[in-house]
Amino acid sequence: MTVLLDPPLWPRHGTVWGHLVSDASYDELHAFASRAGIPRRAFDRDHYDVPAERWDELVRLGAVPVGTRELVRRLRASGLRVPGRDRRTDAGTADHP
């Protein structure tokens, strides 16, 4: 059971964002996010969007840094990945920070 964090690469709202996921359960992910003070509104179906400013702190709290491909691979292997087509909003655009 591991909470994983990829590098902040996604620009939006004046910063860049990374993703926080669990390779075990949503319960583990939500518990970690709660301990880290990440608001539930940052949860996007299978991950939390986290700003670059929080990256070092999240690693200190126990998140394991991995590359984006590794994060997606492990999320898929866990069975927790929400497929891209299910990540779309009614307007047909992806939900990102």
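The values are calculated or read from the model by the stated rules, or taken from the named source; none is laboratory data. Because the structure is a prediction, the values reported are computed rather than measured. Here Cβ is always computed from backbone atoms with ideal geometry, including for glycine, and neighbour counts include all displayed protein chains.
General remarks:
- For Asp6, the requirement of being at pLDDT 95 or above, acidic (Asp, Glu) and within 12 Å of the chain's Cα centre (by Cα) is met.
- Of the strands (runs of 3 or more DSSP E) lying entirely inside region 1-56, those containing at least 2 residues that are out of contact with any Lys or Arg (no Cβ under 6 Å at 6 or more places or on another chain) and surrounded by fewer than 16 Cβ atoms within 10 Å (Cβ to Cβ) span 10-12.
- Cβ pairs under 6 Å, 6+ apart, first in region 43-70 and under 18 Å from Thr2 (Cβ atoms) and touching a residue at least 12 places away in the same chain (Cβ under 8 Å), second of a type in the set (Asp, Glu) and assigned to a helix (DSSP H, G or I): none
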